[in-house]
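The values are calculated or read from the model by the stated rules, or taken from the named source; none is laboratory data. Everything numeric in this text was worked out from a predicted model, so none of it was measured. Virtual Cβ from ideal backbone geometry, glycine too; neighbours counted across all protein chains shown.
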Number of protein chains: 4
Amino acid sequence: MKVGFPLILINFKAYKEASGRRGLELAKVAEKVSKDTGVTIAVAPQLTDLAFIASQVEIPVFSQHVDAVEPGSHTGHVTLEAVRDAGAVGTMLNHSERRVRADQVDVVVKKARELRLLTVVCSNTPEVTAAMAALGPDMVAIEPPELIGTGIPVSRAKPEVVTSSVDLVKKINPRVKVLCGAGITTGEDVAAALRLGTVGVLLASGVVKAKDWEKAIRGLIEPIIKRA
Amino acid sequence: MKVGFPLILINFKAYKEASGRRGLELAKVAEKVSKDTGVTIAVAPQLTDLAFIASQVEIPVFSQHVDAVEPGSHTGHVTLEAVRDAGAVGTMLNHSERRVRADQVDVVVKKARELRLLTVVCSNTPEVTAAMAALGPDMVAIEPPELIGTGIPVSRAKPEVVTSSVDLVKKINPRVKVLCGAGITTGEDVAAALRLGTVGVLLASGVVKAKDWEKAIRGLIEPIIKRA
Amino acid sequence: MKVGFPLILINFKAYKEASGRRGLELAKVAEKVSKDTGVTIAVAPQLTDLAFIASQVEIPVFSQHVDAVEPGSHTGHVTLEAVRDAGAVGTMLNHSERRVRADQVDVVVKKARELRLLTVVCSNTPEVTAAMAALGPDMVAIEPPELIGTGIPVSRAKPEVVTSSVDLVKKINPRVKVLCGAGITTGEDVAAALRLGTVGVLLASGVVKAKDWEKAIRGLIEPIIKRA
Amino acid sequence: MKVGFPLILINFKAYKEASGRRGLELAKVAEKVSKDTGVTIAVAPQLTDLAFIASQVEIPVFSQHVDAVEPGSHTGHVTLEAVRDAGAVGTMLNHSERRVRADQVDVVVKKARELRLLTVVCSNTPEVTAAMAALGPDMVAIEPPELIGTGIPVSRAKPEVVTSSVDLVKKINPRVKVLCGAGITTGEDVAAALRLGTVGVLLASGVVKAKDWEKAIRGLIEPIIKRA
């Protein structure tokens with residue numbers, strides 16, 4: 001499955017609102033809006049729902065995390081092979097709520113490339129974004145953790161964090177795409193993120209905790225549709 | 001779903017032989033043999049396949065691991081609520097390949113009880129078995145790590161580890177049931193485990209890596225059927 | 001060095017007030033009061049100061065933490081051998097700010113016994129206290145984390161946590177001594193801890209952050225001196 | 001204390017041969033050779049010996065590890081302030097035996113700069129070296145883990161790992177100096193490391209486990225003396 005840009009990536013986190021059957025419903029809403037509008041909307045369901053959801057929707061599905069281990073005698077770990085076998089197109093890694101070590105990012109990025117899985121590596125500062133870009137993932141997602149879940153978009157509170165990140169990535173590894181996360185809730189936030197040089201957004205509560213999922217997602221992508 | 005005893009719990013680990021669709025096939029084989037024979041056979045699929053498999057079989061499904069966090073802003077974590085919403089009956093915890101801290105076991109065991117989910121807490125020595133029993137899970141599974149995956153059953157190599165564990169659990173918390181793990185491959189191993197005072201076995205490679213899954217499982221439960 | 005009871009164990013944590021030379025000064029004050037009064041006062045300096053302080057005072061010195069590894073190729077780890085070679089009498093383990101896994105507590109407790117080092121294993125609930133007691137350390141220290149550093153003693157806020165812990169330990173392993181921690185600041189708190197069946201206290205900010213260290217320590221041990 | 005180059009940095013790891021008093025002896029030998037020859041020889045003693053040794057030698061002393069926490073309520077952690085108060089000039093970080101996350105390296109590097117402490121961040125592949133260099137430490141030490149402790153120098157087994165690392169660092173952050181580690185035992189290995197563009201070596205067993213420490217160190221620095 002090809003992933004287009006701009007990209008809206010919805011992280012279900014461990015929110016009870018998006019667990020099990022309700023997670024599937026949310027993925028179905030995202031799929032519907034994506035098909036209606038042509039905008040790429042991807043989802044990162046809870047780990048336990050990955051194959052369940054990926055087998056029932058036709059939008060890109062990402063794992064929220066993967067462990068830097070080979071298939072084999074590892075209990076309670078998520079391998080890249082399991083992510084692929086579940087039908088996902090790739091994986092997030094190093095989210096502020098699930099940081100991993102740089103050498104583990106290195107292992108996962110190299111192996112995901114072989115398995116033709118996409119990697120979205122999160123970071124918190126321009127320096128860490130630069131470091132992650134040096135490892136060559138498909139995307140980095142810059143998210144100042146202090147803004148996550150606040151509804152205050154990084155593009156407004158700390159635009160310089162995004163622009164510095166974009167600049168450093170260009171210098172270090174221009175093939176790496178930059179997503180913008182933390183505090184994204186509205187179409188305006190998405191527009192600002194794109195203006196700052198990113199190719200999309202990573203968000204969670206802005207959609208998952210919205211009363212009307214479809215309305216929330218349609219609001220987010222409005223500036224993308226207008227732009228097109 | 002009621003879980004009966006003796007219990008055969010098959011851990012799929014991160015084996016490539018039991019990932020995605022092949023994991024579902026293995027679960028289906030376990031379901032078939034269980035229905036044919038009346039012996040309780042449970043499975044612990046890969047985390048990413050949990051809801052996928054639990055929604056398609058009618059045998060008890062366990063998570064391989066759960067994190068001691070509440071639903072909410074946690075990326076890449078597995079909550080007990082997600083395990084329940086996935087349709088599983090409970091969770092393994094503290095496997096030698098995914099140890100957690102005692103205070104985390106305490107949190108998970110107490111909360112699982114509220115959610116009516118079962119807990120199978122692994123341990124490696126009689127003393128750790130006693131410690132885990134003091135936390136009051138439904139089951140402890142004693143598995144000397146040095147025997148895991150060897151095909152040498154603990155019941156033969158270190159029977160005293162099993163009997164000491166059974167004795168300590170009886171003293172500390174007699175409601176906790178004891179499973180026997182590590183090196184279990186044959187019906188003989190299962191019979192030995194039951195003779196030593198346990199109520200079942202936890203195994204992985206003995207089934208998952210067998211050429212003929214059904215034959216391997218039927219071999220395991222033979223002494224249980226004879227006993228009945 | 002013999003460790004007597006009641007025991008006052010002062011944890012220097014990572015407080016800047018007790019780092020380097022100032023840590024040595026605090027240990028010297030504790031030593032002075034101990035020699036003056038005959039009450040056992042032990043200290044747990046910062047890891048980096050362990051040998052520095054232990055080589056210059058004649059009161060019991062504990063490590064704040066130890067890793068469950070053998071001497072050898074381990075960078076940045078603290079072995080029991082290093083604790084012993086530093087001149088300490090033992091180690092704390094599993095503090096709420098540095099929890100370890102039960103199997104690691106098991107390894108450390110067994111090996112410390114061989115090396116004739118004392119172990120003080122922290123816990124947070126009566127159930128975890130029971131679990132830690134099952135592993136057979138010399139002491140457990142029950143500290144509800146929500147009270148640590150508050151100045152509200154567990155003996156007043158949650159006396160039942162202490163008495164349940166004492167009762168469970170008596171049942172599971174009566175040779176294990178129980179210390180009481182969290183919120184201890186005054187002699188009254190120490191007296192209450194002893195009345196609840198513990199043999200001493202573990203405290204940190206109550207002494208380290210006091211303006212007058214000697215006065216704070218003398219205040220703490222007043223009820224012990226009166227009792228003698 | 002100024003740290004000159006080429007630099008020989010001896011990591012005592014958790015070797016029993018270099019613990020406590022014996023660790024001090026080894027540091028004294030390193031000091032003696034350094035004073036005799038003018039070559040900079042630094043030591044990284046065991047954490048528990050840091051202040052003990054740093055207070056008794058006049059060569060640069062490094063911590064083997066530091067935690068990314070502020071001074072305060074942290075038990076069993078090593079702060080940069082504690083490293084400074086112990087009399088060390090800086091710290092190693094992210095050794096293959098004690099990896100940390102990239103965001104933690106970022107925090108430590110930035111704060112160490114404020115405290116005027118040096119940072120030596122270890123890495124395992126050219127990509128991870130590049131990532132660590134992007135975080136701006138004073139030095140990176142490239143050490144393929146599979147060669148650590150083997151006596152087979154990376155400069156001979158995998159010279160391209162060293163030269164790629166040197167090249168990437170030059171591109172990303174030319175102020176960062178590169179050390180070469182893993183398998184270093186002889187003066188020839190040191191000479192090779194310097195020829196490949198590094199400014200010194202990080203080694204452990206090659207000195208610590210040598211029968212004659214002084215002879216081992218003198219052997220290492222021979223090519224540096226000749227070069228001068």
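Points worth noting:
- Single condition A:LEU93 does not satisfy, out of (1) among the hydrophobic types (A, V, I, L, M, F, W, C); (2) more than 8 Å from every other protein chain (Cβ to nearest Cβ); (3) in contact with a strand residue (DSSP E or B) (Cβ under 8 Å, 6 or more places away or on another chain); (4) farther than 27 Å from B:ASP85 by Cβ: (4)
- A:THR91 touching an Asp or Glu at 6+ places or on another chain (Cβ under 8 Å), of a type in the set (S, T, N, Q) and at pLDDT 95 or above: no
- Qualifying positions in segment A:13-48 - within 15 Å of the chain's Cα centre (by Cα) and either more than 20 Å from A:LEU179 (Cα to Cα) or assigned to a helix (DSSP H, G or I) (or both): A:ALA14, A:ALA27, A:ALA30, A:GLN46, A:LEU47
- Of the numbered criteria (1) closer than 20 Å to A:ILE10 by Cα; (2) at the interface with chain B (Cβ under 7 Å from one of its Cβ atoms), the one A:LEU118 fails is (2).
- Listed by first and then second residue, the pairs with beta-carbon distance under 6 Å, at least 6 apart or on different chains, first residue in segment A:197-221 and within 14 Å of chain B (Cβ to nearest Cβ), second at pLDDT below 95, are A:LEU202/A:GLY181; A:LEU203/A:ILE184; A:SER205/A:GLY149; A:GLY206/A:ILE184; A:GLY206/A:THR185.
- Cβ pairs under 7 Å, 6+ apart, first in segment C:59-86 and more than 14 Å from D:GLY23 (Cα to Cα) and modelled with pLDDT of 95 or more, second among the acidic types (Asp, Glu) and outside any loop (DSSP other than H, G, I, E, B): C:ILE59/C:GLU31
- Hits in segment C:49-81 (condition: facing chain D (nearest Cβ under 7 Å), assigned to a loop (DSSP other than H, G, I, E, B) and among the hydrophobic types (A, V, I, L, M, F, W, C)): C:VAL69, C:VAL78
- Scope segment A:30-54; condition over 18 Å from A:GLY200 (Cα atoms), surrounded by 22 or more Cβ atoms within 10 Å (Cβ to Cβ) and not acidic (Asp, Glu); matching residues: A:PRO45, A:GLN46, A:LEU47, A:THR48, A:LEU50, A:ALA51, A:PHE52, A:ILE53, A:ALA54
- Residue match in segment D:56-69 (condition: more than 16 Å from the chain's Cα centre (by Cα), surrounded by 24 or more Cβ atoms within 10 Å (Cβ to Cβ), on the phi < 0 side of the Ramachandran plot and aromatic (Phe, Trp, Tyr)): no
- If the condition is being basic (Lys, Arg), within 26 Å of A:ILE225 (Cα to Cα) and modelled with pLDDT of 95 or more, then segment A:150-188 contributes A:ARG175, A:LYS177.
- Selection status of D:THR150, more than 14 Å from chain C (Cβ to nearest Cβ) and either β-branched (Val, Ile, Thr) or closer than 23 Å to D:ALA14 by Cα (or both): no
- Of all the listed residues (C:GLY20, C:GLY90), the sole one being touching a residue at least 40 places away in the same chain (Cβ under 8 Å), buried (at least 24 other Cβ atoms within 10 Å of the Cβ) and of a type outside the set (A, V, I, L, M, F, W, C) is C:GLY90.
- Test: residue in segment C:119-126 that is within 18 Å of the chain's Cα centre (by Cα) and under 20 Å from B:SER96 (Cβ atoms): no
- Members of segment B:1-48 that are small (Gly, Ala, Ser) and more than 14 Å from chain A (Cβ to nearest Cβ): B:GLY4, B:ALA30, B:SER34, B:GLY38, B:ALA42
- Any hit, segment A:170-193, residues being in contact (Cβ under 8 Å) with a residue 60 or more places away in the chain and under 16 Å from A:THR37 (Cβ atoms): yes
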